[in-house]
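What follows is a single structure, written as structure tokens, with notes after it.
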Amino acid sequence: MMSPLPEQSSRGWLLIILRWAAALAVLGVLLHFLPLAPLRAAIARVPVLSFLAVLLGYLLAHCVGVAKWRMVVNAAGAELDFATSAQCYFGGLFGTLFLPSIVGGDVVRLAVGLERSPRPAAVLTGNVVDRFLDVTAQAGLVLLGLVLVPELDLIPDDVERRISNALPLIALGVIALLGLLLMLSKRILGGRSVRFRRRTARLRLALRSVSKRPRVLALGWLVGTCVQLAFLVLTAHLAFKCGLTLPLRAWLFAWPLAKLAAVLPLTQGGIGVREAALVALLSPFGAPGHLVLAAGLVWEGVVIAGGLIAGAAALVLRRRADKAGIA
């Protein structure tokens, strides 16, 4: 009987190829509707030194992200040193180039952490909390952008009124759902095996450990906001080099939303989706589509180069850890 592993591996590579094809298709559609010559000219305006400087800033911001991730997972009880945390984080950053969205990168990130930590449940819980902090940091930037652009009518009045009326109902529904899950939790977990309940108890213990350290959560959110803001400023700088000048409040509104749209596992690493969303979101601010796409493509170059460098760093850290284990 043949092993199913080669078949699973073939399916995995097929999905990766399909997502890359989808990314190229989305970019092809954008290139079809936008003028190609001005786009090429805008990309050519970016000096090599500026690109390298932005790449360095991108990597330095992710080094801060390593420290934040380690702080959060260790607050849950993971007990990881900085080298192992860097290996996990950079491996995940590399994995986003070949796996669907940030979820695939998290799989790579967790693989090393679950192996090296004496408390794997703490690594899993801490990573989820870290992702939650990142999402709230991006949401905070979006809200800040909305506050700073009150003169721009992005949402029709009737739609805004319907949303305002629906928010209390949505909040009540969420509260009712949480209460129902709490009441049914004992029944749901009651028929499970002892091993499953032990794992669940470890996850609850790790979550309780993090929740008891609100200063860590607040600092993690603040650092995450600063990291996301650094990425935003770097993107705006590249856009300026391409010839696109926009107020920072426009980027505060559009950039986090475009990044959240790229989380959808439609294309590889969100390539294409991020650029299309950015073109659509910045168009109300009068941004020419070809300049927005040019900035997005240059930023994708930074992300891909940074991911490859992160993968090389994770490999070096892995080999050092293996040698230290043998010694």
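For a Förster distance of 22 Å, can you work out the FRET efficiency between the beta-carbons of residue 321 and residue 63, rounded to the nearest 0.05? The pair residue 321/residue 63 has a calculated efficiency of 0.75. Maximal additional length on extending the residue 50-residue 143 stretch stands at 30.5 nm, based on 0.36 nm per residue less the C-alpha distance.
None of the figures in this text is laboratory data; all of them are computed from the coordinates on show. Since the structure is predicted, the reported quantities are computational estimates derived from the model, not experimental observations. Backbone-built Cβ (ideal geometry, glycine too); neighbour counts: all protein chains shown.
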